[in-house]
Amino acid sequence: MNKAITEGLVLMPPAFASGLNVWSREDGASGSLTYEGAADAALVPADQDFTGCLELQKTETVQKLRYMGQTPILAGCYLRVTARVKAMSGNLPEVRIAAWAGDGNEAHVANLVEVGPSVALSAYGRVETVSAIIGTGTRTGVDMPWGTVPVYAHVGLDLTGPDGGVVRIDDLVIEDVTDVFLREMMDWVDVRDFGALGDGVTDDSAAFEAADAAAAGREVLVSEGTFWLAGHVTFESPVRFQGTVVMPADKRLTLTKNFDLPSYIDAFGNELEAFKRAVAVLFNYSDHDSLDMGGRRVDVDAPIDVQAAIANKNTYSIRRVIRNGQFNVLPSAAWDDVQVTSQASYSPNSPLQMTAVANIANIPVGSLVQGLGVGREVYVRDVNVGAGTLTLSQPLFDAEGTQVYTFTRFKYVLDFSGFALLDKFVLSDIEFQCDGQASAIMLPTDGLIFHLRDCFITRPKDRGITSIGEGCAGMLIDRCQFLSNEQALRSQDRTSIAININANDTKIRDNRAVRFAHFLVLHGTGHMVVHNHWFQGDTEIEGTRQAGLVLTQTNVKSTITANYIDNSFIEWTNEHDATPDFTAEYSFGGLTVSGNIFTVSDVAPWFRWFVIKPHGQDHFIHGLNISGNVFKTINGNIERMDHIDTSYATLAMNRARNVTVEANAYNGIDQITVNPVMLQADINSPAATWTLDVGPYLPFGGWARNVVATSFEGPILDAGGGRVSAMPFAEVEQGIDKNQVTLTWPQPCSGRVNVTARMDNPL
């Protein structure tokens, strides 16, 4: 390695015979006194042991000899300085290799070891060899470990001990002995060779950077020890960790060639700390779009505040991915919910704000709001302590005035709520083992295209994925498994929810959810819920079921297609509307429910698969297509598929428009539902008015508002058996429930008729 670096450099000092004007009797710095013309120094051109040498008489306590030239000290290099010495007369001194360390400004670098081991001369005429090794790394055998600050040395030797003796010194030899420590065939460099100490106190940042620069693409070894890095450190070479690093929270270790979680675990020695450090780099280094967890399990005993781990930004819009690993939740008090009860005021005129909030400083962002007139999955999006106001994720449907609310902050394995904006973030092939202790993911306050794919959310305590704002806009959830922690409970006793959504245009595809209170609470429009399987049954006979999918606004412009909807139902509400009575907005519409498999077992006859629950007056259905589905009961029949929950209001059937319920298969359902409905009736006794009851077939208790076709099978006969050639006229909205049709003839008659009626106006 370093042979290539030192080739071409002159390491050897000149021979003494070339002149003593470059040999200092001080530290060797420019301007220091030399031995030229000195009374205690002489050149000896010939000696039986040396071809030429310097003879010195020891006249000082420490007699110094330093070459005034600058011997380069290169990062990763090790230089051996050797001198051959013999005593000629007088007192026998001690000899040691010595050097003076200089930095790039030609200033002395203090507090370094600048002498080697001493050798006592034991006899006159005996040649003794004295040597010492100078290098940047602290290694066994290195006598003067200098680190990376010195860039040159004035090398030489010292005579110590009693004065008066005369010695002869052969020409000094300086050799590159780096290969003693690092064989050239090695494809790695060690940070210790560049001055890293690994004592947990000294800042080794510069040594790390120097090792990386010298590696030139080869591997850097962080050998055993604890290395304190006070600043940012970036490796452009692969790194292998035997030791560990410690850094301030706001500093980053960037591993560009092995950017993966296992490498960060090796670096920091702690899985959770390693994950946070790696995520911080992921959001600060543009050459990597993803963090591979390497299949590793990270034990988590407290929520991971992702924004806090990154620290230097709360908005981010470049695609980033975390993939291929597992989070394993450990029991800890850090997972306990924070619950605050507080009085607050609400007005529909400011539908997303609570005012005059008592105890507001104790209400965390991301808290679930519960109280009278509050719909499902309403969260605190922002807290303004100074103004005493809260910003909500959704309006409240019937909470005008002042009341006491409950605010509950669940704890999440990955909490992104610190981000004001996060776009294009992906979690892929990750399992969240929540163990009934923690919820899984809290989304950022705002953002676009959060993507969860091929993940498992297993046994979340309260929630799987929570949106507290519009960080769910355009969200994609593909091929994920949601496994409840409440599977042993009765359906009606479950409280956990797999997913809630506040914004538009999500794609929920190919997922499976097992026994939550709700699989999906869905606000907004433009959603596609496709190819999922959610089931929410229990072992109770004639048991109660909860909604699997809850739609919380009227006009949804969405499709629910090709799902397996098992032991649950679809509930359509407008519970996130501050003024829930119909005024000038779109009413319930824009929904297609097609090609789904609806199955239920062991439920009471009053169970329904599709429930509309208006929270205000005068709403109606305006665009609904339920077609091509299969409805099947197991172990018992139910009365019908559809229902209006009138807990707050009913629907205005005189305004229904564009409702299609057709081509569905019904098994174990007493009354099929269809619109338009074709009713065949036999009138066996002559009558001038034929009353046809289409009401049981029409969905949601709809009125018979239109007759779109009338046809007759066989002849229509009068009381005497003669054929009737006249045609009847139809009247709609007949009967007390307005769900009958009458045909009025000019005379009493009988026969078979097929009438096609609708509960709506098609336009």
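Every number here is computed from the coordinates shown, using simple stated rules; none is lab data. Please read all numbers here as calculations on a predicted model, not as lab measurements. Neighbour counts run over all protein chains shown; Cβ positions are idealised from the backbone, glycine included.
Structure summary
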| read-out | value |
| --- | --- |
| Those lysines that a straight Cα-Cα span of less than 16 Å connects to Lys313, excepting residues fewer than 8 apart in one chain | Lys251, Lys276, Lys424 |
| Charge sum, other residues only, whose C-beta stays under 10 Å from Val151's C-beta, Lys/Arg counted +1 and Asp/Glu -1 | -2 |
| Sequence-separation-based contact order of region 338-409, relative, with Cα cut under 8 Å and 6+ spacing, percent | 44 |
| Leading residue at positive end of dipole, the chain (Cβ point charges), from Ala547, Val365, Val741 | Val741 |
| Convex hull per residue volume in Å³, alpha carbons only, for region 188-320 | 103 |
| Compactness of region 103-181 as Cα Rg over 2.2 N^0.38 Å, two decimals | 1.28 |
| Pairwise centroid distance, computed over Cα atoms, of region 556-577 with region 117-167, Å | 85 |
| Residues with amide H under 5 Å from that of Arg240, placed H, sequence gap 5 or more | Val220, Leu221, Val222 |
| Nearby lysines by direct alpha-carbon distance to Lys557 (threshold 17 angstrom, same-chain neighbours under 8 apart not counted) | Lys507 |
| Cα gyration tensor category, rounded, prolate or oblate, for region 708-763 with a/c compared to 1.5 | prolate |
| In order through region 24-40: 3J(HN,Hα) via Karplus (6.51 cos²θ - 1.76 cosθ + 1.60), integer Hz, x for Gly, Pro | 8, 9, 10, 8, x, 5, 4, x, 6, 5, 10, 8, 5, x, 6, 6, 9 |
| Under 10 Å, Cβ to Cβ, from Asn567 - net charge with Lys/Arg +1 and Asp/Glu -1 | -1 |
| nm² value of the averaged projected area, convex hull over the Cα atoms of region 568-614 | 4.5 |
| Straight-distance crosslink candidates among lysines, where the alpha carbon sits under 21 Å from Lys64 and sequence neighbours closer than 8 are dropped | Lys86 |
| Thr691 versus Asn637: modelled label distance in nm, points set 7 Å from Cα along the beta carbon direction | 2.5 |
| Cα-only Debye scattering, region 2-181: base-10 log of I(q)/I(0) at q = 0.19 Å⁻¹ | -1.29 |
| Region 501-667, Rg to Rh (Cα coordinates; Rh as Kirkwood inverse mean 1/r) | 0.95 |
| Label-to-label distance, nm, for residues given as Arg512 and Ala726 (7 Å Cα→Cβ offset) | 6.6 |
| Globularity ratio of the chain, using Cα Rg and 2.2 N^0.38 Å | 1.57 |
| Calculated FRET efficiency for the pair Tyr586/Glu662, C-beta based, R₀ 35 Å, to 0.05 | 0.90 |
| Per-residue HN-Hα couplings for region 698-715 [Karplus 6.51, -1.76, 1.60; θ = phi - 60°; Hz; x = Gly/Pro] | 6, x, 6, x, x, 7, 7, 8, 8, 10, 9, 7, 9, 9, 10, 9, x, x |
| Neighbourhood charge, 15 Å Cβ-Cβ cut-off, centred on Val556 and excluding it, Lys, Arg +1 and Asp, Glu -1 | -2 |
| Share, in percent, of DSSP beta bridges within the chain that are antiparallel, nearest 5 | 45 |
| Exposure proxy ranking, count of Cβ atoms within 10 Å, fewest first, for Trp228, Trp146 | Trp228, Trp146 |
